[in-house]
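Okay, so here's the structure we're looking at.
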Amino acid sequence: MYTLYGSPSTAGTAIHWLLLELGVPFDLRLLDFDKGEHKTSEYLALNPDGVVPTLIVDGAPITQMAGIATLLAERHPEAGFAPPPGSPERAEYLSWTLWLANSFQPNFRAWFYPHEPAGGEAQDAVQAAALARIEAGLARLDARLADRDYMVGDHFTTVDLLTTILCRWSRNMPKPATAWPNLKRYLDRVRQRPALREAHAREGLTDWING
Ligand SMILES: N[C@@H](CCC(=O)N[C@@H](CS)C(=O)NCC(=O)O)C(=O)O
């Protein structure tokens with residue numbers, strides 16, 4: 001039994017979706033950001049950054065969306081969500097996972113929390129720079145998907161899960177992921193996955209899922 005600490009419409013949604021994809025039992029604790037439930041001393045003991053997601057695995061807290069997704073894929077290999085070590089797709093799988101987590105995702109953090117890198121000043125400049133990097137990243141994903149249905153190999157992996165969630169975060173930006181034709185085609189297909197739709201429903205999310 002896993003315990004997931006998340007919050008609606010966040011990085012926690014990715015892990016919520018993945019647990020539903022895997023069909024494993026889990027306890028979901030949705031934290032209320034407005035009440036500061038992610039900054040209590042109890043929660044900071046689990047996740048010192050005070051962010052979601054945190055997944056309790058065998059009694060120990062595991063943090064970082066991409067790390068948790070990769071771990072779950074490896075703990076449940078029957079789902080086929082990660083190419084196994086030594087397989088031809090493994091290198092691309094690791095490379096894309098790390099690119100999404102290290103190079104792409106931080107731009108969203110800068111867009112949504114511009115005071116972190118900018119302090120009291122220059123928040124508009126930080127957001128403008130973040131937006132340019134997000135759009136460059138979306139263009140790269142769009143090019144990757146020009147002649148393929150999945151980011152890695154020929155079936156759904158946690159790279160698709162991370163790609164989809166990060167694309168979702170662009171939905172209210174000037175040029176959202178769905179404005180790119182290959183990404184639109186890809187997202188329209190992924191958004192039909194029952195587990196993603198179920199995660200949306202359970203978190204009370206109604207936008208974006210239907211296009
Ligand atoms: N690098 C972390 C980032 C997680 C993150 O930024 N989560 C956001 C929601 S998407 C959060 O918890 N924000 C609340 C806050 O920073 O106060 C991860 O991938 O897990």
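May I ask you to compute the full-extension gain from LEU44 to ALA91, defined as 0.36 nm times their residue separation minus their alpha-carbon distance, rounded to one decimal in nm?
Working it through step by step, the gained length comes to 13.5 nm.
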With each pseudo-label sitting 7 Å past Cα toward Cβ, what's the ALA136-LEU98 distance in nm, one decimal? 2.0
Report the trypsin sites (Lys or Arg not before Pro) located in region 1-101 that are in a DSSP loop and have at most 14 other Cβ atoms inside 10 Å of their Cβ, or state none. LYS39
Provide the gained length on full extension for the span MET1 to GLU74, in nm with one decimal, where the gain is 0.36 nm per separating residue minus the Cα-Cα distance. 24.7 nm
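How high is the FRET efficiency between ALA146 and ARG109 when r is their beta carbon distance and R₀ equals 22 Å, given to the nearest 0.05?
My answer for the efficiency is 0.20.
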What is the fewest-to-most order of THR70, THR40 by other Cβ atoms lying within 10 Å of their Cβ? THR40, THR70
For GLN123 and HIS155 in the same chain, what is the full-extension length gain: residue separation times 0.36 nm, less their Cα-Cα distance, in nm? 7.5 nm
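Values in this text are rule-based calculations from the coordinates and carry no lab data. This one's a predicted model, so the numbers in the text were calculated from it and none came from an experiment. Reconstructed Cβ throughout: ideal geometry from the backbone, glycine too, with neighbour counts over all protein chains shown.
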